[in-house]
Every structure is written in structure tokens, then in C-alpha cells.
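Remarks on the structure that follows.
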Protein chains: 2
Amino acid sequence: MKRIALLGSTGSIGTQALQVVDSFPELFRVHSLSAHRQAAKLARQARHFLPAVVAISDESCYNELKAELSGLGIKILAGPDSLRELAADQETDIVLNSLVGFAGLAATLAALSAGNTLALANKESLVAGGHLAMRQAAEAGVNILPVDSEHSAIFQCIQGQQLDAVEKIVLTASGGPFFGRNLAFLQTVTPQDALKHPNWVMGAKITIDSATMMNKGLEVIEARWLFGLPYEKIDVVVHRESIVHSLVVYRDGAVLAQLGTPDMRVPIQYALTYPERLLGHAPRVCWNTLSPLNFAPPDKSNFPCLPLAYLAGAIGGSMPCVLNAANEEAVRLFLGGKASFLDIPRIIERVMNKHKVVTEPDFDTLHDVDKEARLLSQEYAKMKG
Amino acid sequence: MKRIALLGSTGSIGTQALQVVDSFPELFRVHSLSAHRQAAKLARQARHFLPAVVAISDESCYNELKAELSGLGIKILAGPDSLRELAADQETDIVLNSLVGFAGLAATLAALSAGNTLALANKESLVAGGHLAMRQAAEAGVNILPVDSEHSAIFQCIQGQQLDAVEKIVLTASGGPFFGRNLAFLQTVTPQDALKHPNWVMGAKITIDSATMMNKGLEVIEARWLFGLPYEKIDVVVHRESIVHSLVVYRDGAVLAQLGTPDMRVPIQYALTYPERLLGHAPRVCWNTLSPLNFAPPDKSNFPCLPLAYLAGAIGGSMPCVLNAANEEAVRLFLGGKASFLDIPRIIERVMNKHKVVTEPDFDTLHDVDKEARLLSQEYAKMKG
């Protein structure tokens, strides 16, 4: 019986994770659930799974949640620190961190330092604090199991293989809704346009990141930490069909790839049942009727977020944290109608240019750097043009 | 230092294997080489690699070989039994069996019963005598390492994975030079046409097998033995570009595939260096310029060799040996202008229909069954139409 802490249970990954958990009642027990603000949805989940603890990070929703769960004997926590408590709980075997953004880093570090296995969907954790998380995981001797489909693909393709024989990993990118579009078009893009992803149904933040290709940039940095590879060994290729989830090129010339229909339940389940593979219900690829699989280089000039991420990664230290913070803020401003689609990379680049890099930043430094980059992003968004 | 016996060193696999061996002089020593008739080529190879022993299976070439190698202190054997001697040599660590046809079975069994690791390119061994070879390998506790690109792909995709979690394996087929052609066209096909393979440069027998799709049929039976899977779990899909070398579908919905440019040195090297991967010189796939990858169902009605192979496999016992023998003979007759392209499946089907199945045949029985099926094939070829 694996006891699971599910952070971010009302989001896209969280709800799919609960589907997976629900199909193996003899295998998993939901020990805790958390949400940011969706108290009613969290309460519904809690009534079904009867966890020992639930947490709502926005304290203003505490009373609603408490009323919904009265009489069930479920412990209820509130406030942002409660996530750390859930992550570090000694009665938990595996923490699925599907929080969104930099806010996930504290929970990542808490889970690892408590010696809990971490199933990680919150890529921003590793982008901002990969050096801290990997050190923590090594010290505690626990695994970080990737949940992102690309990193799960790479992780699956290196099982039973020699890591030092990896010549290159190639992350596939759908290219998002605007692949092939020119700047004139991109200038006119609305949040509604950008929220339509061709293949994957995901949360708003990651869908916008996918449209700007920052998502792939963040994944490049995430891969650098997860697999301990230098950036020269991490490539990106656009693959519109999202059937090949990523590839590993070995030095003998062999390439291993993980494929499948675009269904997040597969990587979620693999992380939760690892190293076992159990029956899954994702639709299978029908090879006899499969459309051609296409590959193309990413357009780095119209989608500068990807090269910005490589740049931030190469600079290292606190710079990826700045990249991430500026991006989170720029996406928020774009979704709120306060920045255009093309402002997103512009804001990020300016904030990066302004930043004085701190090498080996600790958590508190990252916290300050993150805050500062957000304020600066807001400033730059106001004085745009 | 791995000491290698290379059976069939002058063929396509053999010469490519020697290229691989030559690039790791500190790793491999060629202990023995064999050829069927190409004495001059064998002698050239022997002068370069200086094996302890060479064998020529056609005794009439013995004197030529002896003259070519005089004074080098290389032991020279002749005659078909000499291959068994090389395979069973205790001073050999790994036997690469790249013989063509049923003739390879004796060497396969000799290698395994002597406790030598077997790198197997001779698929007919397993088609005809898979039950004997797998039993022998299990008793001796040695590995059979696939050299066929498809089986190597599957083998690579199950490393570090649970075999009982395999839902299906999918062998990819190039479809050969006549994919998409109708019967009217296939009626007119000459040996010259059939010897032009779109992607792979191979020996004559396997190239014709590829054109009839019998090659894929033989591979289905080979896979059944190598991976211990029932035929319902072995599928075939046509993939014209020969970039995806085969796929494994796991029960969680994840698919692992091995890809690469069509270059036999990759699977040959993997078998020879297994479980390690060393630097290889095959051209890499360029993802940015890769043509679309297409998948289509095999045409079982115009290419009946594939369903015939499934049928023979399902019947089991001596039937796959008959399928193979009739095919070898029909291909020989086709190449000699004594049977048409469409006669190949017709002959095989008639010989199969005539055969009384022996369950669990031993080697001598297979030997007789093979001989009889060949004679019958010749008869049927004469009374065609």
C-alpha cells in the first residue's frame, strides 16, 4: 500500500492522478490532498478518497472547506505553509507535486528532505532550484520520478541502460497552437487563441507556456537536472502529433523513444507504480491507421522563449529562477490582458538582462530573486513599447 | 577480450561484423571465421584478423584456401561439419551465427550446448528449431542475442523492463520493393527487380524474403521464441522509412521503440558488446530534416507469405520448418528463373498442405522434414500452373 500526498489535486494533473489512484484501490491510499482555492472540488475529492489530511493554501477558503467536510474526521490545514507540512509528512510514501510555478519548490524540498519519494509534475521546482533539489534527493537517497510526459519518456528510455552511454536526449515539442506562424500573426494572438492546445488538455499556465515554447525551455532546464546532462546534450525537435514523447540517442547510434497517445495518465501512473507497469486505460496507438509522424526544427526566432531558456540555463546560478519568475508573471499579465503575446519574451529578456547572477543561491535567495523578478516584470509590462 | 567465432564471415552481416570488431581491437579477438565458398575473400579476412581457425563448408574450396593461407599457422577446416566445430569451440566466448537458412541450425545448437553465447543473425535457426534452441540455451544458461534489427530493437526496448508487462510487440516491415503493388504487377516481377531493396543492403536470400514479406513472417516466428510471446501478441506494421526498427507496447499504454538509420552495424555491435553500448559509427538520424514516418497495415492478400508464416507458427511442431524449407527452395528456384515471384507463396502453401505435422521434432526429424519439403517444392515448381 503506497500512501500518497497529492499536492494540487484539483488541477489537470491532480484530477488525472486521482483517476489512476482510483483504479488501483488495493495499491494506493490517498493520505493527503491539497488545492489552492477550489474548496468545493477539493471537498468532493476528499469525500471520495477520505484522506487523513487536506490543505487549502488560500486561507480565505478555509471556512468553506471546513463546512463541506464537517463530521468526516479529516484534518484540515490552511495557508501556503501547509503544503510543506503535507510534503514532509512521515506517513506518506510518495508525494505527487503538481503545484503550478515557483510555489512548488518549497514542497519539493520539504518532500525530499523528509525522505519521501517525489513524483514531480512541478517543473518550475527544478528550473529555479534544481541544484538544491538534486542535492537534497541525493542526501536523502530518494528518487525524483518525472511526471512530465517528455521526462517520463526519457526516464523510461534509460531504464536498464548505461547513463554514460547517452550521447544526446531529444525532447519533442508539439509546437503549440502557433507553430509555423509569423510575427505579424503572433502580434494579434489573444489569450483565448493561446489556450487552445492542439494535442494536450492542460492547465492554463502550461498551455500558454506551450504556445510560447517556454514550456520546452523549462523542460530543457528540468532535464538538465533530472538526468545530469550538459545543455549541449539536450536537443528539442518539433513533433506536431505528440505521439513520440521524447528520444534518447546512445553513443552506439541506437535511439530509444517512448511513444503513445497524448494521455497524461500514462506518465502519472508510471511515476506512481514505478518500477512496475500495471494495466492502464489510455487509448492505444493504432499503428495501422496512424497519421504520418513529422519532425521539424523549432523556430527560435519567432519563439525566442526557447533560446532564452537555454541562455538562462547556460548562465546558471539564479538566472533560471529569474527566467521562470519573469515568465510566470508575464503569462499572468498576458492572461489578464495586461501584456501581449509577444511581450512575454520581451519582458523575460529585459528582466534577465537586469539581473545580477547569484551562483549557488540558497532557498531564501531564490525566494527574493523570484519576488524581485516578478516586480520588475510588472514594471516592464507597464512601460511597454 | 571477447573471443569471437564468426560463422558466415564473407556475407553481408559477416563483413559488417568484422568492421565492428576491427574498430575495437582492444575488446575483441577473432578466434575463427567461416565461409561457404568464397575462399579468396575468407583468406583476405584471415590475413587481416589472423584467427586461430578458419573453415570453408564447401570442401571443393579447401585447396584454394589452403594455398592462400600457407605459412600463417592458421588451422583450416573444411566441410559442413566444421561449422559445428567452430560453434562449439571452448576457446570462443561468443558465436556470431550469420549463416543463411536451415543450415545454420546445427551451428546454433552446437554453440548453445557448448555454453557459448550466441549472437544470432540466422533467423531460420529459430524458425525451424526454436523449441530446441531455447531449451538448449536455458539448460546451458547462456544468452541468445538477436542481431536482426527488429529483434535487436525489441531486445533493447525490454532491457530493465518487466517482460510480463508486455502487451504486444510490433515488428516494423519496410514492405520491400513491391509494397502497394497489385497482383498484375507482381506477376511480372523478375529476380533483378526483387533484389532492389529500398532501405537495407542485404544478402540475396533475405532481400527476396523481404520482397515477398516472408522475411517478416520468419521474424514473427523468431520473435515468438526469442521473447516467449504467443502469436496474438506479435503484430506487424509496414513502416516504409525503416527508421523505427520495432516497438514494444506495455500494458500501461506506454510504447518503447528503437530507432535509427538503417545500418546493421548498430544491432551487430549491440549484440557483440551487450550489455554495454560503445561508440558506434552509424550515421545519426537528423531529426530536424527527417522525412515523415509512415505506418500502414501489411497487405496480407497480395503478400500471402506473412499469413502463411503466422499459420505455420500457430500449427507449430515441424510446420515452421516446412514453411522455411519450402521458402528457401522456392526462393532458390525463383532466383534461378525456375519459378515466378507469385509461385513462391503457392509452392509454400502446397508443401505445407501436404505435410503431416510432427510435434516436438528433434534435430534429426527436422533434418528429414527439411529435406522432404525441399524435394516437394521442386516437384511443385515443375508442375506449376
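The values are calculated or read from the model by the stated rules, or taken from the named source; none is laboratory data. What you see is a predicted model; the values in this text were computed from it and never measured. In this analysis, Cβ positions are derived from the backbone assuming ideal geometry, glycine residues included, and neighbour counts consider all displayed protein chains. What goes into the accessible areas is simple: the full protein's heavy atoms, side chains included, and nothing from ligands, DNA or RNA. Shrake-Rupley method; radii C 1.70, N 1.55, O 1.52, S 1.80 Å.
Comparing B:GLY115, B:GLY130, B:GLY79 in a Gaussian network model of chain B, where Cα atoms under 10 Å apart are tied by springs, the biggest mean-square fluctuation is seen for B:GLY79. Sparsely packed loop sites in region A:205-278 (the chymotrypsin sites (Phe, Trp or Tyr not before Pro) outside DSSP H, G, I, E and B with at most 15 other Cβ atoms within 10 Å) do not occur.
Normalising by residue count, region B:35-111 has a Cα convex hull of 83 Å³ per residue. Contact with the other protein chains removes 30 Å² or more of accessible area, compared with the isolated chain and a 1.4 Å probe, from these residues of region A:256-277: A:LEU256, A:ALA257, A:LEU259, A:VAL266, A:ARG277.
FRET efficiency for the pair A:ASP193 and B:LEU279, taken as 1/(1 + (r/R0)^6) with r the Cβ-Cβ distance and R0 = 51 Å, rounds to 0.65. Enclosing the Cα atoms of region B:147-228 in their convex hull gives a volume equal to 102 cubic angstrom per residue.
Under 5 Å between amide hydrogens, built in the peptide plane, is the criterion, and for A:ALA119 it picks out A:VAL95, A:LEU96, A:ASN97, A:LEU145 among residues at least 5 positions away or on other chains. Of all aspartates and glutamates in the structure, those lying under 16 Å Cα to Cα from A:LYS2, and not within fewer than 8 positions of it along the same chain, are A:ASP22, A:GLU26, A:ASP89, A:GLU91, A:ASP93, A:GLU276. When accessible surface is computed with a 1.4 Å probe, chains B and A are found to bury approximately 3700 Å² between them, both chains counted. Summing charges over neighbours of A:ASP148, with a neighbour being any other residue whose Cβ is under 12 Å away from its Cβ, gives -3 when K and R count +1 and D and E count -1.
Accessible area per residue for chain B, computed on protein heavy atoms with a 1.4 Å probe, is 38 Å². What does the net charge come to around B:ASP299 if you take all other residues with beta carbon closer than 14 Å to its beta carbon, with K and R at +1 and D and E at -1? Result for the neighbourhood of B:ASP299: +4.
In nanometers and ordered shortest first, the copy-to-copy spacing of the B:LYS371 label point, defined 7 Å from Cα toward Cβ, is 9.1.
Each Lys or Arg adds one and each Asp or Glu subtracts one; over the other residues with Cβ under 12 Å from the Cβ of A:ALA312, this totals 0. For region B:114-120, the Karplus equation 6.51 cos²θ - 1.76 cosθ + 1.60, evaluated at θ = phi - 60°, returns couplings of 7, x, 8, 4, 10, 9, 10 Hz by residue, with Gly and Pro reported as x.
When both region B:298-362 and region A:105-141 are represented by their alpha-carbon centers, they are found 59 Å apart. Surface composition of chain A: carbon and sulfur make up 52 percent of the accessible area, probe 1.4 Å. Inter-copy label distances at A:GLY228, using a point 7 Å along Cα-to-Cβ, come to 3.2 nm with the shortest given first. Projecting the Cα atoms of A:THR261, A:PRO304, A:VAL238 onto the charge dipole of region A:221-339, computed from C-beta unit charges around the Cα centre, puts A:THR261 farthest toward the positive end. Size of region B:67-198 from its Cα atoms: along the principal axes, largest to smallest, the extents are 55, 49, 24 Å. Couplings 3J(HN,Hα) of region B:74-91, computed from phi: 8, 6, 10, 10, 9, x, x, 5, 5, 5, 5, 4, 4, 5, 8, 4, 6, 8 Hz, in residue order, whole Hz [Karplus 6.51 cos²θ - 1.76 cosθ + 1.60, θ = phi - 60°; x for Gly and Pro].
What does the C-alpha gyration tensor say about the overall shape of chain A? Classify as rounded when a/c is under 1.5, otherwise prolate if a/b is larger than b/c, or oblate. Rounded is the answer for chain A, as its axis ratio a/c remains below 1.5.
Chain B has one residue whose beta-carbon comes closest to the axis relating it to chain A; that residue and its distance in whole Å are B:GLY160, 1.
What shape does region A:307-385 take by its C-alpha gyration tensor, where a ≥ b ≥ c are the square roots of the eigenvalues and a/c under 1.5 counts as rounded, a/b above b/c as prolate, and the rest as oblate? Prolate, since a/c reaches 1.5 and a/b exceeds b/c.
The per residue volume of the convex hull around the alpha-carbon atoms of region B:2-146 is 89 Å³.
The other copies place their B:LEU195 label points at 6.5 nm from this one, listed shortest first, where each point is 7 Å from Cα along Cα→Cβ.
The H on the amide N of B:THR261, modeled in the peptide plane, is under 5 Å from the matching H of B:VAL285, each at least 5 residues off or on a different chain. For the protein assembly as shown, the normalised intensity computed at q = 0.06, 0.09, 0.10 Å⁻¹ comes to -0.45, -0.87, -1.00 (log10 of I(q)/I(0), Debye sum over alpha carbons, equal scatterers, no solvent). Straight-line cross-link partners of B:LYS66 among the aspartates and glutamates, defined as a Cα under 20 Å from its Cα and at least 8 positions apart when in the same chain: B:ASP58, B:ASP81, B:GLU85. Note on B:LYS371: lysines with a C-alpha under 27 Å away, same-chain residues under 8 apart excluded, are B:LYS123, B:LYS205, B:LYS216, B:LYS338, B:LYS354, B:LYS356, B:LYS382, B:LYS384. Based on Cα contacts under 8 Å between residues 6+ apart, chain A shows a relative contact order of 14 percent. Each residue was assigned an accessible area with a 1.4 Å probe, and for A:THR117 the value is about 40 Å². Backbone geometry of region A:246-261 corresponds, through the Karplus equation with coefficients 6.51, -1.76 and 1.60 at θ = phi - 60°, to 3J(HN,Hα) couplings of 3, 9, 10, 9, 9, 5, 7, x, 6, 10, 10, 9, 10, 10, x, 5 Hz, x marking Gly and Pro. Sketch the reach of a paramagnetic label on A:TRP200 as a point 7 Å from Cα along Cα-to-Cβ, and name the residues of region A:210-237 whose backbone nitrogen lies under 15 Å away. In region A:210-237, the label zone of A:TRP200 (backbone N under 15 Å from the point 7 Å along Cα→Cβ) covers A:210-223, A:236-237.
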